[in-house]
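Participant: Let me begin by handing over the structure; questions about it come next.
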């Protein structure tokens, strides 16, 4: 099921909302294409949740969180503190919606 932006409501839309919320404090990021960023992060998360024992191993989730922070700081240009906050929430989202993120790997590319 998709939203009006064509985002998956269980995976990409929550990421989009997190990015929108974080950007409210950062007018310098106004030119960021949030839809593309949300889709890219959803793909990254779908790869992370494929790792063995993602749900049960805190080290695997912590490694995923660090990779997400790296993406948020380097590619999207959030501050490290903001990136850490977003990454924490993304890992929570990935944990609770793991099956839905796994299905993203089966979806045809856009």
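Participant: Please go through the stretch 74-102 and give me each residue that is out of contact with any strand residue (DSSP E or B) (no Cβ under 9 Å at 6 or more places or on another chain), in a helix (DSSP H, G or I) and touching a residue at least 40 places away in the same chain (Cβ under 8 Å), ordered by number.
Facilitator: 82, 85, 86, 89, 90, 93, 94, 95, 98, 101, 102, listed by residue number.
Participant: Test of understanding: among 71, 36, 63, which residue is modelled with pLDDT under 95 and assigned to a helix (DSSP H, G or I)?
Facilitator: 36
Participant: Same structure, new question: Within the stretch 51-59, does at least one residue satisfy the condition of being out of contact with any strand residue (DSSP E or B) (no Cβ under 9 Å at 6 or more places or on another chain), closer than 15 Å to residue 104 by Cβ and surrounded by 14 or more Cβ atoms within 10 Å (Cβ to Cβ)?
Facilitator: So far as the stretch 51-59 goes, yes, one or more of its residues are out of contact with any strand residue (DSSP E or B) (no Cβ under 9 Å at 6 or more places or on another chain), closer than 15 Å to residue 104 by Cβ and surrounded by 14 or more Cβ atoms within 10 Å (Cβ to Cβ).
Participant: I need every pair where a residue in the stretch 51-66 that is at positive phi has its Cβ under 7 Å from the Cβ of a residue that is part of a helix (DSSP H, G or I) and modelled with pLDDT of 95 or more, sequence separation at least 6 or different chains.
Facilitator: If the second residue must be part of a helix (DSSP H, G or I) and modelled with pLDDT of 95 or more, the pairs left are 53/60.
Participant: Still on this structure: Can you tell me which of (1) modelled with pLDDT under 95; (2) over 20 Å from residue 33 (Cβ atoms) is the one residue 77 doesn't meet?
Facilitator: (2) is the only condition that residue 77 fails.
Participant: Restricting to the stretch 39-60, give me the number of residues that are within 14 Å of the chain's Cα centre (by Cα) and part of a helix (DSSP H, G or I).
Facilitator: 10
Participant: May I pose another question? Only one of (1) touching a helix residue (DSSP H, G or I) at 6+ places or on another chain (Cβ under 9 Å); (2) without any contact (Cβ under 8 Å) to a residue 40 or more places away in the chain; (3) farther than 22 Å from residue 21 by Cα fails for residue 44. Which number is that?
Facilitator: It fails just one condition, (3).
The values are calculated or read from the model by the stated rules, or taken from the named source; none is laboratory data. Quick caveat: nothing in here was measured; it's all calculated off a predicted structure. Cβ sites come from the backbone with ideal geometry, for glycine too, and all protein chains shown count toward neighbours.
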